[in-house]
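The structure appears below as structure tokens.
The values are calculated or read from the model by the stated rules, or taken from the named source; none is laboratory data. Keep in mind that what you see is a predicted model, and the values were worked out from it rather than measured. With ideal geometry, Cβ positions are generated from the backbone for all residues, glycine too; neighbour counts draw on all protein chains shown. Heavy atoms of the whole protein, side chains included, go into the accessibility calculation; ligands, DNA and RNA do not. Shrake-Rupley method; radii C 1.70, N 1.55, O 1.52, S 1.80 Å.
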Amino acid sequence: MLSRTLVLVAWFPAVIGAQQLTPVDRQLVAAGVWSESRYNYAYWDAVRADWDSAFATVVTETAGRTVSDVQYFRRMRRFVALLADPQADLVPPPALAARVARPPLALRSIERRPFIIDYAPNDEMRIARPEPLAEILAIQGVPAEQWIRDSVLPEIPGATYASRWERAARRMLEGEKGTALHPLLRLPGGEQRGASVTRSVSLTTRWPLDPPALDVDTLPGGAIWVRVSSLADADVVQAFDRALGDAPRAGGIVLDLREASGTGTGRENGYAILARLIERPVLTSRWRTPQYRPAYRGTDAPDSNGAWLAAPSDTIPPRQGRTRFAGPVAMLSSPQTAGAAEDLLVAFRNGSRGPIIGETSAGSTGQTLLLPLRRGWQLRVTVTRDALPDGTEFARTGVAPEVPVTVRVDDVLAGRDAALDRAREYLKTAPRR
């Protein structure tokens, strides 16, 4: 099966990114984004913005020396977001990425309201005491919803509004490293208080609140709850095999992909996990990628991406050498479920192995290409269009669950996980194979 991420390798001097970008450098980076997107992005027909006008605007607005490199980076993010490519990413040189940071706070959007889920302890956090499940009401005196909508959301590409908003909420505190933020919090008990936090964890630093790639708990009744946050992790299949054991007797499995974000990297790992849960071969999604042919650039075919290289669905066979789990399985999804996890959702549904429960996924999958730009900058875009075996495309709409469950603030504050509860109900009543 084809790898889901390609990297074009180029040589760059080690000192790249240490200097201030010149106006010419900025123009060339923007020109690279303009051209590479135009000829590589698989969903070019879905771009609704005037791409040429947007390019001219970004070049004009960022030409002066009064615009810092960090400001230029953020303005370019807005340019890239116009593609509406959920996997698009503008990667700055390390020296510049080190100047963009956020406080060590894990955030989550619940009913479009940002909540603090966890924090990494340091001296500042011990003083700030950001209580878990405290709601952020305002930042620097600006209401949180307005802050996200006006300052953050325009920089977030995406296919669905729910997914964009979730990602924007998680990044709402990002900005120039070392600068202070003053959020107004509402604690779970209703009390309001202010706090002060510093943007200290840069984009080049490993995020201290990353969960393990796979974590497992046993639920009442003997079912196991498998939480996957990264299918790209090299050990995630082995971790799943250890959790399931050689002679699985669990009362059921809840495979939780609600935090499994990222790009298409790790698709094979997801299929290897599913291979232990099936008794017959299962079809995967199919894909196609544009082929640039200048002859198609005529008045009768104005889009040069009129030709496509297509690949049919692949087949996932049951895994050999391991005992198959024949009990009931439910899968959980959310607007954060993206990349290889969505490929797994599609294959799981094709195998009729159980219900998908929760919310519609991000609509963010497909093979990506990491393209080198000027002065160490890079651009990632999606270069394949993925579809169900019958040809129905899902990458722009997401995979809808058979059992929709909306996350409510009242449930979360009360310690209830409505989607997990619904999955447990299914496992109790599902027929045994």
Would it be correct to say that ARG408 is more than 18 Å from SER109 (Cα to Cα) and open to solvent by 10 Å² or more (accessible area, probe 1.4 Å)?
no
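Of all residues in the range 392-423 being free of Cβ contacts under 8 Å to residues at least 24 places away in the same chain and part of a loop (DSSP other than H, G, I, E, B), which is farthest from MET331 (Cα to Cα)?
My answer is ALA414.
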Tell me, which strands (runs of 3 or more DSSP E) lie completely within the range 274-345 with 3 or more residues that are open to solvent by less than 80 Å² (accessible area, probe 1.4 Å) and either modelled with pLDDT of 95 or more or hydrophobic (A, V, I, L, M, F, W, C) (or both)?
307-311, 329-333
I need every pair where a residue in the range 370-391 that is in contact (Cβ under 8 Å) with a residue 40 or more places away in the chain has its Cβ under 8 Å from the Cβ of a residue that is part of a strand (DSSP E or B) and hydroxyl-bearing (Ser, Thr, Tyr), sequence separation at least 6 or different chains.
LEU370/THR5; ARG380/THR368; VAL381/THR368; THR382/THR368; VAL383/THR289; VAL383/THR368; THR384/THR289; ARG385/THR289
Anything in the range 85-116 that is more than 30 Å from VAL29 (Cα to Cα) and either open to solvent by 60 Å² or more (accessible area, probe 1.4 Å) or modelled with pLDDT under 90 (or both)? List them, or say none.
ARG108, GLU111, ARG112, ARG113
Output the number of residues of the range 117-143 satisfying the condition of being closer than 14 Å to ALA195 by Cα and surrounded by 14 or more Cβ atoms within 10 Å (Cβ to Cβ).
12
Screening PHE394, PHE348 for residues that are modelled with pLDDT of 95 or more, more than 22 Å from ARG112 (Cα to Cα) and aromatic (Phe, Trp, Tyr) leaves only PHE348
Regarding VAL80, is this residue open to solvent by 20 Å² or more (accessible area, probe 1.4 Å) and hydrophobic (A, V, I, L, M, F, W, C)?
no
Are any residues in the range 359-374 in a strand (DSSP E or B) and either of a type in the set (A, V, I, L, M) or within 17 Å of the chain's Cα centre (by Cα) (or both), and if so, which ones?
THR368, LEU369, LEU370, LEU371
I'd like the residue in the range 40-62 that is surrounded by fewer than 19 Cβ atoms within 10 Å (Cβ to Cβ), β-branched (Val, Ile, Thr) and outside any loop (DSSP other than H, G, I, E, B) and, out of all such residues, is farthest from the chain's Cα centre (by Cα).
THR60
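Go through PRO121, PRO86 for me and flag whichever is part of a loop (DSSP other than H, G, I, E, B) and without any contact (Cβ under 8 Å) to a residue 40 or more places away in the chain.
PRO121
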For the range 234-254, how many residues meet the condition of being more than 26 Å from ARG422 (Cα to Cα) and either touching a residue at least 60 places away in the same chain (Cβ under 8 Å) or over 27 Å from the mean Cα position of the chain (by Cα) (or both)?
2
Just to verify a result, which residue in the range 326-347, among those that are touching a helix residue (DSSP H, G or I) at 6+ places or on another chain (Cβ under 6 Å) and hydrophobic (A, V, I, L, M, F, W, C), is farthest from LEU427 (Cα to Cα)?
ALA340
Kindly indicate the residue of the range 424-433 that is open to solvent by 90 Å² or more (accessible area, probe 1.4 Å) and part of a loop (DSSP other than H, G, I, E, B) and also modelled with the highest pLDDT among those meeting that condition.
PRO431
Quick one: which residue in ARG112, ARG199, ARG171 is closer than 30 Å to ALA239 by Cα, touching a residue at least 24 places away in the same chain (Cβ under 8 Å) and either charged (D, E, K, R) or out of contact with any Gly (no Cβ under 6 Å at 6 or more places or on another chain) (or both)?
ARG171
State yes or no: is LEU231 surrounded by 21 or more Cβ atoms within 10 Å (Cβ to Cβ), assigned to a loop (DSSP other than H, G, I, E, B) and either charged (D, E, K, R) or within 25 Å of the chain's Cα centre (by Cα) (or both)?
yes
Can you pull out the residues in the range 262-273 that are under 30 Å from ASN40 (Cβ atoms) and either buried (at least 24 other Cβ atoms within 10 Å of the Cβ) or out of contact with any Gly (no Cβ under 9 Å at 6 or more places or on another chain) (or both)?
GLY264, GLY266, ARG267, GLU268, ASN269, GLY270, TYR271, ALA272
